[in-house]
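Written below as structure tokens is the structure these notes are about.
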Amino acid sequence: MIRHRLLPAVAGALLLAGCGDSDVREVREWMDQVQRDTRPNVKPLAEPKDFIPYAYGAATAPEPFSQSKLLGELARTAAHDRNQPDLNRPRELLESFPLDTMQMVGSMQKGGVGYALLQIDRSVYQVRAGQRIGQNFGVVARVGEDAVDIREVVQDAAGDWVERMARLELQTKESRK
């Protein structure tokens, strides 16, 4: 009875022994062949650059941490930002509209002061010199019979605040059509 139980185990062991090493040997031969035939292609390293030391001439150069140099830079920065508008002040009504939505439709004198009549949508507003207008921190520089000159402050591509002039000209009935 023990023989009948051992027979399937012995037959299985013989079958497994016959499947042995044939595929592994082929794979190893192929890998050895590829390793022999493959040649690495490594570019040579570039020659190192010559280092030329820089001699700091303290006697002829300005002191890098001197107060005069710092004050000069601060003065240059202050002049650079003199055009920067006050971003924290309360806005006036006409500063919420872009200039291209405004049309000058007339002018008038009241108490010796010149006013321009500006139409925005269907409403008409009176503006005088010194009044704030437009979305680019504009100030009315001059009110004439035929135009309103506006000085705006905008940031350029470098982030500097620069002034530019804009003009709203009188719109006649012929030019509105």
Checklist entry - If you check every pair at least six apart or on different chains, which have Cβ atoms under 8 Å apart with a residue in the stretch 118-146 that is touching a residue at least 40 places away in the same chain (Cβ under 8 Å) and closer than 16 Å to Arg164 by Cα first and a residue that is of a type in the set (D, E, K, R) and in a strand (DSSP E or B) second? => result Gly134/Glu152; Phe137/Glu152; Gly138/Arg132; Gly138/Arg151; Gly138/Glu152
Checklist entry - So which strands (runs of 3 or more DSSP E) are wholly in the stretch 109-177 and hold at least 1 residues that are modelled with pLDDT of 90 or more and in contact with an Asp or Glu (Cβ under 6 Å, 6 or more places away or on another chain)? => result 138-143, 147-155, 161-169
Item to check | Residues that are surrounded by 10 or more Cβ atoms within 10 Å (Cβ to Cβ), farther than 30 Å from Asp146 by Cβ and aliphatic (A, V, I, L, M), drawn from the stretch 75-106 | outcome: Ala75
Checklist entry - Of the residues that make up the stretch 152-159, is at least one within 16 Å of Ser107 (Cβ to Cβ) and either free of Cβ contacts under 8 Å to residues at least 40 places away in the same chain or out of contact with any helix residue (DSSP H, G or I) (no Cβ under 6 Å at 6 or more places or on another chain) (or both)? => result no
Checklist entry - Can you tell me which residue in the stretch 160-177 is nearest to Val113 (Cα to Cα), limited to those that are acidic (Asp, Glu) and touching a residue at least 24 places away in the same chain (Cβ under 8 Å)? => result Glu169
Checklist entry - Tally time: how many residues in the stretch 119-177 are closer than 11 Å to Met102 by Cβ, hydroxyl-bearing (Ser, Thr, Tyr) and loosely packed, with under 15 Cβ neighbours inside 10 Å? => result 1
Checklist outcome for this item: Taking the stretch 33-72 and the residues there that are exposed (fewer than 10 other Cβ atoms within 10 Å of the Cβ) and outside any loop (DSSP other than H, G, I, E, B), the one that is farthest from the chain's Cα centre (by Cα) would be Arg36
Checklist outcome for this item: Going through the stretch 107-118 in order, the residues found to be surrounded by 15 or more Cβ atoms within 10 Å (Cβ to Cβ) and of a type outside the set (A, V, I, L, M) are Ser107, Gly114, Tyr115
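The values are calculated or read from the model by the stated rules, or taken from the named source; none is laboratory data. Just so it is clear, the model here is predicted, and its values are computed rather than measured. Using ideal geometry, Cβ is built from the backbone for each residue, glycine included, and neighbour counts are taken over all protein chains shown.
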